[in-house]
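Worksheet for the structure shown next.
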There are 2 protein chains.
Amino acid sequence: MKAPLLAALLLATAPALAQTSITTLPPPVAVDPKIAALRDAALENDQYAWDITEGLTTEVGQRLAATDAEARARDWAVRRLTAMGFANVHVEPFTMPVWTRGAESAEIVSPFPQKLAVAALGYSGSTGPAGVTGEIVYFDSVDALRLAPDSAVQGKIVFIDHRMMPAQDGSGYGQFGAPRRQGPTIASKKGALAIVIRSIGTDHHRNPHTGVQYFTDGASPIPAGALSIPDSEQLIRILKRGQPVVMHLTLVSQRSEGAQSGNVIAEVPGRDPKAPILLVGGHLDSWDLATGAIDDASGVAIMAAAAKRIMDAGRPLRTIRVVWFGAEEPGGLGGKAYAAAHGKESYAIAGESDFGADRVWRFSSQLSKSDPATFAALVAALAPLGITKNDKGDADGTDIDPTVELGAPWISLNQDGTRYFDWHHSPDDTLDKIDPAQLRQNVAAWTTVLAILSGGIEPGPKQQKRR
Amino acid sequence: MKAPLLAALLLATAPALAQTSITTLPPPVAVDPKIAALRDAALENDQYAWDITEGLTTEVGQRLAATDAEARARDWAVRRLTAMGFANVHVEPFTMPVWTRGAESAEIVSPFPQKLAVAALGYSGSTGPAGVTGEIVYFDSVDALRLAPDSAVQGKIVFIDHRMMPAQDGSGYGQFGAPRRQGPTIASKKGALAIVIRSIGTDHHRNPHTGVQYFTDGASPIPAGALSIPDSEQLIRILKRGQPVVMHLTLVSQRSEGAQSGNVIAEVPGRDPKAPILLVGGHLDSWDLATGAIDDASGVAIMAAAAKRIMDAGRPLRTIRVVWFGAEEPGGLGGKAYAAAHGKESYAIAGESDFGADRVWRFSSQLSKSDPATFAALVAALAPLGITKNDKGDADGTDIDPTVELGAPWISLNQDGTRYFDWHHSPDDTLDKIDPAQLRQNVAAWTTVLAILSGGIEPGPKQQKRR
């Protein structure tokens, strides 16, 4: 292709790029060298986040909300955060129903007898130890189930399929998560015996993905499980043979009221106790199938590490409050309890890390409109980490949402979610899925955010001594 | 770099290449266009192998040796091979002990209570439903266990680690498979309560890899299991904390004698019934944790597809015998039974496909020495599939080894094993792991081999009719 033709094509296909001139760019923003140094040190050297992620997943393991395991996690958290030098470390307890799983199995009885890998969804009804047996009725979406006459479903085991694919921004989880969130209620109201769904995930391993669902609109609980993705595809192949498919399903579970969870709170005290505070967190609880490395040990680790790095650097003007929320998985109960107790305090920002530990690739914040100069400083300081601004973002996080709804300004740092739903809520959410280099990039990003929003870091006793 | 200098370097660093002259090359080998056409048609269009792999894994699923499921697989095989037009389709039964698994779990009791993913190894002793509880004693290899005094092991649960890595030729399985093969016997003889090993695999999923082991040298059976690789790494992290680690292990299993397995045999009759035959096969049984797609539904499928393609092309001079061996996994019992019945017949070649369905990348054969002209024809015809000759190969295959030992000439087509041990013997050995394009390359390769060794294919009634 000749050069003039190429230039003409570029003008034709990319007018915005072609017409940008340096005279129309916004004014340049210089990055504070002290902040750049904090950022780069985290990127190179952070060990705090790895140690917390490794420690919590190893020494506690799974920590299902409101169980003894979550209580052990809170004890572990208080010990660790205290040892790291945080102030005001304490637990704020709340009560909630506890749901736990027992024996689980799914077996094709006919026409081709074989076992499938299954796990109950949160708050599933129980089949009892004897299980239930029923014919499978297939739907390719929640809407197909909604459109079906009750007579097609009554007394049967509903199976809902979907076509979730990996996406960097994880956006498929909203649409394709519907079989899990709404499917059980709809199936129950239509008289189904039970429901199994294709796991809401993007992998091909024999590991079912659990997750929460509720029976709403007066629906009675029925047994509700997720088949692994290979098993869902196997079931579809069997159904395509055209014979009736009968499944024996055992999902034993129990629910009891009045159990205890709690939020673990720790602070880096600011020089001005009255200044609006920086609220950052993740959730301490996990699903019970794995050690919850990406969901969300790495999240609590990233936030504590970033706050600790500010603490190591000196005293911020604003208090940084780190919250390791309890009971996020069963429906954001920790975030609601926190907002009830603290939602009306004065916040400079609220942020959450709950999407794994792969690199942050973009961010958004309410500050883009309310404080463009600070937002521009964030854009400039985060760019060397490969992070771009997103002008269309929203507050993002089950734990901070209730506080944001009460008025706290928000910032969202979006992790790359391409791999996230390979492991999310499945037995595969284990430490080996954490890439230490990408974990450090997360810490570097949040350290940068906290440093910029801190109101200025002055030397504390430690730093003065060091001189 | 200037050209003369480059030429000098090439001469210095690559003398063999630099000194090769076209006058010293072996005589060129032309590929028979009919054979090339058969090869290329298989590569482009084969559907037989996919249909068998998909059908067997879907309509039978797991087919553990000597169980009802393996019997259903034999029935399925007879129906399918008959429908495909093979002659002399029949089952040759044999008796053997059957081993089956029941409830299985592994739980760290202290210091950090949590569940680990475990599966019993074949012929494991049973803990009984109550399980056993013991302290873990760590060894980084079988030799470390062998060197340990009995007192270090007595009454404890042995854990053996290893460092198996993926390899294209799968060679790590020999050395790093020792914890599974010899570990249980050694642990038993030293007085261990039980043994768990790091799964012999190369993945990072919560799926244990089972496999066979025997208690030899008078060792009493003890419970013997494999932890998934993430769980093995978790156990190592827990052990590194330095406190005694206590595990509660439940591996329920049962063994009984006198069960039935069998080999399924089918033939493409040759024009000369007295000519030495072509023996090709794979194994019909699988482990019980998955549907055995790569191990070895694809192997039986590849061989039947290749033979069927010869059948479609006309009548070979030599009979092609396809054997779908029973009970390979528990120790090659089908191969031994076959050799006992048929090992002294006259064979032109014996070959086996039992290493998944990724592409064949090299091959070797006894013909390289006994029949260099035929070997050269194979080299030339397989090269367009990306397959190179290997002058250092061996007969490769549990099923054909006993027949090869009795004198049958062998050929080995080596599949790329880089991914094989990610799934081998684990719940993840399912149909989604089969790449249809690579499966077709396997069929093309074996079709080529059978065509070259067939003694010539003449038009049969079908082909004559077609003209």
- Message: Among the residues that make up region A:239-253, is at least one of them in a strand (DSSP E or B), more than 14 Å from chain B (Cβ to nearest Cβ), in contact (Cβ under 8 Å) with a residue 40 or more places away in the chain and closer than 30 Å to A:Ala451 by Cβ?
- Response: no
- Can you tell which of B:Val142, B:Val132 is away from every other protein chain (no Cβ under 14 Å), over 26 Å from A:Ser110 (Cβ atoms), surrounded by fewer than 22 Cβ atoms within 10 Å (Cβ to Cβ) and touching a Pro at 6+ places or on another chain (Cβ under 7 Å)? B:Val132
- Query: For region B:104-155, list the strands (runs of 3 or more DSSP E) that sit wholly inside it and hold at least 1 residues that are β-branched (Val, Ile, Thr); which are they?
  - Reply: B:118-120, B:132-139
- May I ask you to say which residue of A:Ala194, A:Ala275 is crowded, with 24+ Cβ neighbours inside 10 Å and not β-branched (Val, Ile, Thr)? A:Ala194
- Query: How many residues does region A:78-103 hold that are outside any strand (DSSP E or B) and either touching a Phe, Trp or Tyr at 6+ places or on another chain (Cβ under 6 Å) or not hydrophobic (A, V, I, L, M, F, W, C) (or both)?
  - Reply: 4
- Check A:Ala437 against each of (1) within 14 Å of chain B (Cβ to nearest Cβ); (2) in a helix (DSSP H, G or I); (3) small (Gly, Ala, Ser) and name the one condition it does not meet. (1)
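Residues checked against (1) more than 29 Å from A:Ser110 (Cβ to Cβ); (2) more than 12 Å from chain A (Cβ to nearest Cβ):
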{"residue": "B:Glu44", "(1), (2)": "yes, yes"}
{"residue": "B:Thr53", "(1), (2)": "no, no"}
{"residue": "B:Leu56", "(1), (2)": "no, no"}
{"residue": "B:Glu59", "(1), (2)": "no, no"}
{"residue": "B:Thr100", "(1), (2)": "no, yes"}
{"residue": "B:Ala103", "(1), (2)": "no, no"}
{"residue": "B:Ile108", "(1), (2)": "yes, no"}
{"residue": "B:Ile136", "(1), (2)": "yes, yes"}
- Extreme residue, farthest from B:Asp143 (Cα to Cα), among residues of region B:198-224 that are in contact (Cβ under 8 Å) with a residue 60 or more places away in the chain and assigned to a strand (DSSP E or B): B:Val212
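If I filter region A:308-322 down to residues being outside any helix (DSSP H, G or I) and over 22 Å from the mean Cα position of the chain (by Cα), which single residue comes out as farthest from A:Met96 (Cα to Cα)?
Among those residues, the one meeting the criterion is A:Gly314.
Quick grid of which residues meet (1) touching a helix residue (DSSP H, G or I) at 6+ places or on another chain (Cβ under 6 Å); (2) surrounded by 24 or more Cβ atoms within 10 Å (Cβ to Cβ); (3) away from every other protein chain (no Cβ under 14 Å):
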| residue | (1), (2), (3) |
| --- | --- |
| A:Glu352 | no, yes, yes |
| A:Ala376 | no, no, yes |
| A:Lys389 | yes, no, yes |
| A:Asp399 | yes, yes, yes |
| A:Gly407 | no, no, yes |
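Mind listing whichever residues of region B:220-238 are among the polar types (S, T, N, Q) and either in contact with a His (Cβ under 6 Å, 6 or more places away or on another chain) or within 14 Å of chain A (Cβ to nearest Cβ) (or both)?
Once the filter is applied, which keeps residues that are among the polar types (S, T, N, Q) and either in contact with a His (Cβ under 6 Å, 6 or more places away or on another chain) or within 14 Å of chain A (Cβ to nearest Cβ) (or both), region B:220-238 yields B:Ser228, B:Ser232, B:Gln234.
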- Query: Which residue, of A:Gly299, A:Gly281, is at pLDDT 95 or above, away from chain B (no Cβ under 14 Å), under 22 Å from A:Asn442 (Cα atoms) and part of a strand (DSSP E or B)?
  - Reply: A:Gly281
- Item | Residue count for region B:130-175, restricted to those that are under 30 Å from B:Gly397 (Cα atoms), hydroxyl-bearing (Ser, Thr, Tyr) and in contact (Cβ under 8 Å) with a residue 40 or more places away in the chain | 1
- Item | Residue match in region A:407-425 (condition: of a type in the set (Phe, Trp, Tyr), over 24 Å from A:Glu54 (Cα atoms) and touching a residue at least 60 places away in the same chain (Cβ under 8 Å)) | yes
- Query: Of all residues in region B:20-51, how many are part of a loop (DSSP other than H, G, I, E, B) and in contact (Cβ under 8 Å) with a residue 12 or more places away in the chain?
  - Reply: 6
- Query: If we scan region B:62-77, do we find a residue that is of a type in the set (A, V, I, L, M, F, W, C), away from chain A (no Cβ under 14 Å) and either in a helix (DSSP H, G or I) or loosely packed, with under 14 Cβ neighbours inside 10 Å (or both)?
  - Reply: yes
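The values are calculated or read from the model by the stated rules, or taken from the named source; none is laboratory data. Note that the structure is predicted; figures quoted are calculated from it, not measured. When we count neighbours, we look across all protein chains shown, and the Cβ atoms used for this are built from the backbone with ideal geometry, even at glycine.
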